[in-house]
Structures are given as structure tokens and as C-alpha cells.
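> Here you go, one structure.
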Amino acid sequence: MKYLFHYFLGLLFAVGVGVSGAAWAQGAKKQPVDLVYPLLDAANSRWFFFNSATRPFGMVNLSPDNAINADWNAGYRYKLDSIKVFSHIHGWQLSGVPVLPTTGEFKGHLGASQYGSRYSHAKEVIKAGYHKVVLDRYNITAELTSTTRVGFHKYTYPASEQSHILFDFSTFLGPSDTQKGFVRKVSNREIEGYAVMAPTIRRPKTVTVFFVAVFDKPFDSFNGWRNGKLEKVENIIEGERTGAYLSFKTGAGDVRKMKVAISYVSEEQARLNLTTELPHWDFEKTVQGSRNDWNEWLSRIEIQGGTEKQQSRFYTDLWHALQGRRIISDVNGKYCDMTGPERRIGQIPLDANGKPKFNHHNFDSMWGAQWTINTLWHLVYPEVTESFVNSMLLMYDDGGLIPRGPAGGNYTYVMTGASSTPFIVSAYLKGIRGFDHQKAYEGMRKNHFPGGMMSKAGYEHNTFKGGGIEYYLERGYVPHPMTKKRYGFHQDGSTQTLEYAYQDYTLAQMAQKLGKQDDYALFMKRAQNYKNIWNPELGWMWNRTLDGKWGEPVDILRYDNGWEEGNAAQYTWFVPHDVEGLIQLMGSREAFTTKLNTSFEKAREHDFVSGKSHDKETLTQFRRVYINYGNQPSIQTAFLFNYAGAPWLTQYWSRQVIEKVYSDLTPELGYSGDEDQGLMGSLAVLMKTGLFSTNGGTTPKPFYEISSPLFNKITIKLNPKYYPGKQFVIEAKNNSHQNIYIQSAKLNQKALNQPWVDHETMVNGGTLQLIMGPNPNKSWGSQPVQAPASMSTR
């Protein structure tokens, strides 16, 4: 699967210098992994956003933490000048095992603010799978890399009578405090232990992170601290606000290597992860192994054309799409289940070779996944999709519900609705079927009724009231406000109504495939419920109150207030399964196109986002916008013109969004909001390839809508275990910054006069050829019969 991709060599990603300022050597070759720019948006975003020493979906994401004690603006932050610790886990509601090498009088017991070190970007090197930094305070050069479950450290020390490596279990990492630590000296080359990470508002139960740390050279002493005071210990220290440190002498240039393996099951399992994945001490070999691993994954999509900056941003987006949603099971398939009243250890089924059939995953919500990873993963990485589906079904077996965002074996009930349903249904309809279909249907159906995910608002851990599913079943909509008491976050009835209607449609399609005709009819009827919050006098979707009246006062730009992380102007377009039905509500294709085009013209004034970073997005004045491509609720809008007979406007606006939102390549700019563990990276990749799926691939015959590709040639390498074709190629002839409009198209040498192509055709392999030009061809793909299918056009 080693699809090599060649470009110019010589781009050195010096920290603080974007690709536009880097040197490109002429005539040399470059691979996709070399084009990744890990510092993208590193000055902003969330605890789990930044990545350096990690593998695809790696359990370990080892990197420096410049800031701690926060979900937002913690972890690695480019503009902060000191490093507090290196920690091994930066995941959705997960953190743990902070370490730091130091010299001189030991100060680890005084806290990270006291023992941390200043550093300089000028002496820092960051690549996919590798991080090098100099701790100026200690004159220590630290290098970091990893396997999937093991962090590998290489420290080069100065001459010092007192050199140390500390493990601080009194820290508050990212979203989670450390409740308790335990460390045991196994030998003078090995320690083991665990950290109990405290509950968070999103993750209601503790998570225990076990670790084993081994060293290539013996240490001289093992000691610890408790409550800010040093303690002389024998072999064990444990309890609240504790830590441990190892001490030894070093000469100038002495190198100390450390391997830290983690597990959510036990120390023994961490040791198994270590001996299985990293039995040697060759640091450079591991760095190269990580590089090769990333290059294989990234090379599934090969691009030609565009500028070096555009190429680099593309592979950086793809890199983000392949992490954040972390593996939490061990090499032998053992995992921690926290869904019940007591912690239990489960076992993933093994294949004939004794290997786990899939991985167990930790991930933020599938909220917005229908427009992002549904399309990218299912097409390019179907084996990842299958693993995630099986992981969700494993949690269904354990806890009785298919999750919408698990954290460390916990249910989090993040966001709203049954957002996993479109992901699973789309996989099934695309032929990804290495999972129990009947069980999946049973679990999804449960989520669509009282007692399931549609009963719960965001982070509603102990009740089943905030989802308002009973009102939805009785009235066909969820009122807002529904109750005086808010049972969870995101108790926004109008958004919930729209989500439920779409998710009902998707489940209906699987019901039909499985021969469940009564369910098909039931869910297709429920899929019409989006119409119940259409206010014809207003011309927008709007809130319905408990008494059935329209909410007052009317303000379609007001954030939240019935609209989850958005407003009525953005959510009016949220009918992924029935764009044709929405067109009919608006009166005509022309009325629909005019309203949507006007929204884009207004959104252009603020670059289609609510500010260029999350701290701006939270300000009221930046939230009063018609379209926001910095968050999920309206990221499908550019593609809706394809349904209304104006595909040239899809081509135009999608290119404008790419240019303004997904083209920067600096630490300060990147996603203009919340990247959400690969969702916005996936969106950027799709938009740049000119492919999209408004309904998330959930029609009986899934298809992809076509827009204006950023590159001249895009080759998607297909996984032969899932799809019969070798590759699918998109060629954009005469493509340029000016030539953004499709003049004509051919699919496998036959004229194509519609702005979409079947999934089945694509995965059988072939070529889509687009002839591009500077002016729109308003006749191409504009007839009603050429529009992509919707529920109302069936």
C-alpha cells in the first residue's frame, strides 16, 4: 500500500514560518508526510488539537504542554514561551502521564509553574511523528516520537551532578485534574504505576491511565513528593498530590532514553503494549517508522497541481482527519468498560491469527460527521469506518446504547441526537458490512425512541428529559423552550427537530434494506417533521413554543436560543435528506437560490466564519452571521446550489470558502473555530477534491456531489478489501485560480451532464474529467432531472 507521491524537497517547517516563507529546492522529490505542517492553528483551539509525536488514531499523543488546567487554550500553544511538561495523552476528555527532564536542585514538588522551562521556536523541530525542543532552563535537548501505544523519549543532558526525570501526578492536565497517583520502582531501569484522572463535566466517571516506563541506563535514586513536600521513599509512593522522580549524574552530551507505554486496563497490559510495539532502543528507527506509517496513510490521496502551500495545507488537513479520535484498546484487544456501575475489563474478539478484529475508540461526537468523515473515511479509509462501527457496537453490548461520543469507556452524551446513526447507515449502504447489521439496526432504533440518545441533551448524564423525544413523537417537533429547567447542555428544540428528522430518514433507508417495511414507513413519516418548524410568513425555520405558537421575539441571527451552536439563519438549510422539499417550502428553485446566495454574499463580509479563532467565535457580535464555516451547523451550504439548478454557484462559493477559511498555513490561522477531532480537516480535504455528500451518503444509492477541485489531478487509491476498483481519478483540465467553473464533464469517457456521481461507479474505479473555465456554464447540470436526489424527488 505504499503509494509514493513526489514533490520538491527542501521545505523545512521552521516554527513560526509558514510554507510560503520556506525554501523549496528545485528538482528534488517530496512525499506527503513531508508536506504536513503540524503548527497549523497551534496558537488557538483545544487541548486535543495539536499533534506531533503520534501515529494515526494513536493512543499516545506525546507533545509539550505550554498550558495546563483548561480544555480550551491548553496543551501546546505556539505563543506561550515556556513548557510545563511533556504528556502522553491529548484526547477528547482524556489526559495523563506528564513527565519532564530537569537538572540541578529538584523543584518538581513545587508545581509545573515552578519547574517548567522557557524554550525557543528557533531551536524547535516539529514533523509528523516527531518533536524536538530545547529546554533552555536546563540546557536539555528533548526529542519525542511514538508508536501507537508507546511514547519514546530521547534526552540529551549537559554535565550535571543532579539530573532528573519527573512524573507529576499532582497536575491538572487539559480538562481533567489528577485525582490520585501511584508509582512503584520495579528496578533501577523500570517504574510502573497509574494515574486516576478525575471526572469532568463531560466525562462523569474517572479514567485510570496505567503506565510502564523503562530506561536505557540505570538511575541512581528513586524518590517522590506529596502535597508539595519532598518525601524519601523506598519503592512506592501513592495518593493525592503525589509525584515521583529519578535522579542520576550526567556528563556533557549524555543521552538518556525512556519508553513510556500506557494502557487503560493495567500495568501488565501497558508492559505488553511496550514489548509488542517497541522492543528495541533505536530512536531514529522509530522516528522513521512513524514517518513511513504516516506516509502510507496520507498517500491514499495523491494530488498534482496547485502551489506548494496548497499542497502542504491539503496534507495537513488530511493529517488532522486521521487523529483526535483515539484508540483506547490494547494490542491484544483488552479495554476498559466504564458504562456500568463498576469498572470492568472487556475483550475485543480475536481473528484466526489471534489479533483483535478491530480497535476500541474514544471520540467526540459524530455531530457534523455526515458532512465530513462519513464521506472521507468511508471512501478512502473504509477499514477505519468498520473499526469505529464495531467499537460503537461493543459499547452497545456493554452499556445498552450506541454512543454519540465516548470518553475512556464512559458515555458522555455529548451534543444532541443520534449522530452515530448516519455514520453507521452510510457505511452499510456503501458496502462496508464487517459488523453485525441486525445488532447495529437494533441499537440505532433504540436511540430514536424514549430511553435512547434522542432522549438526552448534551451531557445529560442522569436523566432522559432534555432531548424532548416524546414531544417530537407526539407533535412532530421539539418545543423551545421546552422546560424551565435545562437538563443538559444544548437543549435546543429547533435544532433537535431538524437533526431527528434527518437521522430518522437515514435509519429508514437501512430499515428498507433489511426488509423492515413497517419501520421504513414509520421513519420516513418522521423524516417529514422538519416542515413543522418552517415558518412560512417568516421564510425561515423558527422556534415553536410549548403552546404551539411561534417564538417571540423573532431574531434569526440570535445564537443558541433553540439553535445548537448556531442560529435560525444557519439552521434553515439543515435538511440534508430533503433539499428538494426545502426548495418547495421556499416556493421555487429561484427563491431558494436567491436566499442562499444572499446569505453567502453577507457571509463573505466576515470571511464565512465567526471570527478567525475560537476566542473570537465566542463573542456575540461574531455570532450574528448567516453562514459559519468555523463550526459544523452550516458547512453543507455551498453544495446546496447543486440541488437548485445552479451548480456554478456551488463551484464559485466552495472555492471562495476554501480560499478564505481553509488556505492559511500559519500557527495563528487554520480552521477559524473548532476543528473537532478531524471533522473540519476532513471537510477541507473534501472541498479541495471537489467531492461532497449533503446527505452523508444515506440515500438508497449513495452519491457524491461535484464542485470545483483545487488541484489539477486527484487520485484516490481504493482499498481492495472493500472496493473492486484500483483507483478513482479526478482531472480538472485548465484549472487555475481564475478557471473555477466546470464547462463540461466526462465520467469514464462518457459525457456527464449532472453535478453528482454514484458511489458504486467511483469505487469500481475510473476517471472523472472536468473541463474548467473562467466563466460559469449555467446550462451544465442545471435541469431539474439532473439534480441530486432528495427524499421529495424519489
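> Go through Gly417, Gly451, Gly467 for me and flag whichever is out of contact with any Asp or Glu (no Cβ under 6 Å at 6 or more places or on another chain) and either within 22 Å of Ser634 (Cα to Cα) or not in a loop (DSSP other than H, G, I, E, B) (or both).
Gly467
> Look through Tyr500, Tyr472, Tyr477 and report the one residue that is surrounded by 20 or more Cβ atoms within 10 Å (Cβ to Cβ), aromatic (Phe, Trp, Tyr), assigned to a loop (DSSP other than H, G, I, E, B) and assigned by TED's automatic domain parsing to the domain that holds Gly431.
Exactly one of Tyr500, Tyr472, Tyr477 is surrounded by 20 or more Cβ atoms within 10 Å (Cβ to Cβ), aromatic (Phe, Trp, Tyr), assigned to a loop (DSSP other than H, G, I, E, B) and assigned by TED's automatic domain parsing to the domain that holds Gly431, namely Tyr477.
> What residue, among those in the stretch 657-700 that are β-branched (Val, Ile, Thr) and more than 17 Å from Ala638 (Cα to Cα), is surrounded by the fewest Cβ atoms within 10 Å (Cβ to Cβ)?
The qualifying residue surrounded by the fewest Cβ atoms within 10 Å (Cβ to Cβ) is Thr666.
> Restricted to the stretch 300-320, and to residues that are in a loop (DSSP other than H, G, I, E, B) and touching a strand residue (DSSP E or B) at 6+ places or on another chain (Cβ under 7 Å), which residue is surrounded by the most Cβ atoms within 10 Å (Cβ to Cβ)?
Among those that are in a loop (DSSP other than H, G, I, E, B) and touching a strand residue (DSSP E or B) at 6+ places or on another chain (Cβ under 7 Å), it is Arg300.
> Name the residue, out of Phe388, Phe358, that is at pLDDT 95 or above and touching a strand residue (DSSP E or B) at 6+ places or on another chain (Cβ under 8 Å).
Phe388
> Here is a list of conditions, (1) surrounded by 23 or more Cβ atoms within 10 Å (Cβ to Cβ); (2) part of a loop (DSSP other than H, G, I, E, B), and Arg137 meets all of them except one; can you say which number that is?
Looking at each condition in turn, Arg137 falls short on (1).
> So, one more: Please enumerate the residues belonging to the stretch 532-550 that are buried (at least 21 other Cβ atoms within 10 Å of the Cβ) and in contact with a Pro (Cβ under 9 Å, 6 or more places away or on another chain).
Asn543, Arg544
> Could you run through the stretch 419-449 and say how many residues are touching a Phe, Trp or Tyr at 6+ places or on another chain (Cβ under 8 Å) and closer than 24 Å to Lys205 by Cα?
Selection size over the stretch 419-449: 2.
> Go through the stretch 229-274 and give me each residue that's in a strand (DSSP E or B), within 29 Å of Gln347 (Cβ to Cβ) and among the hydroxyl-bearing types (Ser, Thr, Tyr).
Passing the criteria: only Ser263.
> Suppose the filter is more than 21 Å from Ser312 (Cβ to Cβ) and at pLDDT 85 or above; does Pro64 pass it?
Taking the combined requirement at face value, the residue satisfies it.
> Right, something else. Which residue, of Phe435, Phe388, is touching a residue at least 24 places away in the same chain (Cβ under 8 Å), more than 26 Å from His461 (Cα to Cα) and aromatic (Phe, Trp, Tyr)?
Result of the check over Phe435, Phe388: Phe435.
> Looking at (1) in contact with a Lys or Arg (Cβ under 7 Å, 6 or more places away or on another chain); (2) crowded, with 20+ Cβ neighbours inside 10 Å; (3) closer than 19 Å to Met687 by Cα, which one does Asp758 not meet, given that it meets all the others?
Only one criterion in (1) in contact with a Lys or Arg (Cβ under 7 Å, 6 or more places away or on another chain); (2) crowded, with 20+ Cβ neighbours inside 10 Å; (3) closer than 19 Å to Met687 by Cα is unmet by Asp758, namely (2).
> Turning to a different aspect of this structure: Return only the number of the condition from (1) at pLDDT 95 or above; (2) closer than 27 Å to Ala213 by Cα; (3) among the acidic types (Asp, Glu) that Asp71 does not satisfy.
Answer for Asp71: the failing condition is (1).
> Go through Ala591, Ala603 for me and flag whichever is at pLDDT 95 or above, more than 16 Å from Glu565 (Cβ to Cβ) and surrounded by 19 or more Cβ atoms within 10 Å (Cβ to Cβ).
It is Ala603.
> What residue, of Val661, Val579, is under 24 Å from the mean Cα position of the chain (by Cα) and modelled with pLDDT of 95 or more?
Criteria check complete, one pass: Val661.
> Could you check, for the stretch 714-734, whether at least one of its residues is surrounded by fewer than 18 Cβ atoms within 10 Å (Cβ to Cβ) and either more than 29 Å from Ser387 (Cα to Cα) or touching a Cys at 6+ places or on another chain (Cβ under 8 Å) (or both)?
Yes, the stretch 714-734 has at least one match.
> Would you mind stating whether Gln512 is within 22 Å of Gly368 (Cα to Cα), surrounded by fewer than 18 Cβ atoms within 10 Å (Cβ to Cβ), in contact with a helix residue (DSSP H, G or I) (Cβ under 9 Å, 6 or more places away or on another chain) and modelled with pLDDT of 95 or more?
Here the answer is no, as Gln512 does not meet what is asked.
> Go through (1) more than 30 Å from Ala732 (Cβ to Cβ); (2) at pLDDT 95 or above; (3) not polar (S, T, N, Q) and name the single condition Arg325 misses.
Only one criterion in (1) more than 30 Å from Ala732 (Cβ to Cβ); (2) at pLDDT 95 or above; (3) not polar (S, T, N, Q) is unmet by Arg325, namely (2).
> Hey, which of the strands (runs of 3 or more DSSP E) in the stretch 687-794, taking only ones fully inside, have at least 1 residues that are more than 21 Å from Arg655 (Cβ to Cβ) and of a type in the set (Phe, Trp, Tyr)?
Counting at least 1 such residues, we get 703-706, 727-733.
The values are calculated or read from the model by the stated rules, or taken from the named source; none is laboratory data. What you are looking at is a predicted structure, and each value in this text was computed from that prediction instead of being measured. Note that we place each Cβ from the backbone using ideal geometry, even for glycine, and neighbour counts take in every protein chain shown.
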